[in-house]
Amino acid sequence: MSAEEKKLDELEAQAAELRKTRNLLFEQIKKVREERDRLNESARKMREEALKHRGERDRINAKVQEIKKSLGPLFEELDEKKGLLTEAEKTLREEYRGRPEKSRVERDLKRTEWEIMTTPTREMLDREDEAIERASRLRRTLEDYKDVEKQEGKRMEYMADKKATEVEIRAFREEIGKLSEQSQEHHEKMIMFHEQADAEKKKADEAHTRYVQKIEEVNNVKEDINAVMPQIAALRDGLKVTDLKVAERRRMSGEQRAEALRQEAIRKMENGEKLTFEDLRLIYGDDEDDDKEVLDSS
C-alpha cells in the first residue's frame, strides 16, 4: 500500500468518524429542541393558569368593593337607628322617672275596688269618697301608662330595626370574609403558577443554551468535514491519475514488446529466413488480402 493510499484510508476513517459525530449531534439537537419546546409550552400553560386565577381574584375583589360600598349607607342607617333608639330609651326613662311601678298601681287598684265592693255601706260612709277618689286616681295613672307603653313599642321597633340592620351588615361582612378567603386562594395559586412558569422558562432557556451549543458543535464538525473532504477528493484523483499512468505504462510496454517482435520478424524476412504466420501478422497486420499475397509470393 502506497503512502497516498494509507493517507486516504486515514482521512476516510476520520471523515466517517466526523459524520458519526455529526449525526449523533443531530439526534442530541432534536432531543434538546423538543425538551426546550416542551418546557416553553409548559411555561405558557402555567402563565395561562396564573392569568385565570388573577382574573378570578380581581373579579372577587371587585365584588368585595361593591359590597363595601353597600356597607357605607348601612352603617349610616345603623347610626341613625341607634340614635332613635337612644332617644326613645331616654324618653322612656324620663316617663318612668317618678312613676310608681305599674304592677303596684294595678295591685292597689284591685285592692281598692275590692274594698269598695266588699266593705259594708255603714262602714264605708266615712271613707267612701276617699276610696272612690283613690281608685279614680289609680285608673288615671294606669291610663297614663298606655302612652308610655306606646313609647315602649316605638323603642322595640327601633331596636328591631337596629338589629335587622346589624344582621344585614353582619351578613355582608361574612360574605366579604368568604370572598376574601377565595381571593387569597386565587392570589396564592396565581403566584404559585407564576413561580412554576418562571422555573419552567428557566429550564427552557438552559435547554436553548444547550441547543445553541450543539448547533455550534455541529458547525465545527461540518467545518472539519469540509476540510477533510477536499483532501480525500484530491488523494482519490491523484490515485486515479497514478492508476491511469500505470495502465498507460503497461500499455506502452506491450506495444514496445510487439514492436520488438515485429522488428525481429522484419529481420528474419530480410535475411530470407522462414517466416511464421505470427511473423507475417506482426509485419503486415491482420489484413487477410495482404496475408494471402505474402503467402503466394513466398
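Sorting 195-206, 261-272 by their mean Cβ neighbour count within 10 Å, with the most densely packed peptide first, gives 195-206, 261-272. Residue by residue, segment 218-232 carries 3J(HN,Hα) couplings of 4, 4, 5, 5, 4, 4, 5, 5, 5, 7, 7, 4, x, 5, 4 Hz when phi is fed to the Karplus relation 6.51 cos²θ - 1.76 cosθ + 1.60 (θ = phi - 60°); x denotes Gly or Pro. The 3J(HN,Hα) values that the Karplus relation (6.51, -1.76, 1.60; θ = phi - 60°) gives for segment 33-45 are, in residue order, 5, 5, 5, 4, 5, 5, 5, 5, 5, 4, 4, 4, 5 Hz. Gly and Pro appear as x.
No lab work stands behind these numbers, since they all come straight from the coordinates. Not measured: the values here are computed from a predicted model. Neighbour counts are summed over all protein chains in view; Cβ atoms, including those assigned to glycine, are modelled from backbone coordinates with ideal geometry.
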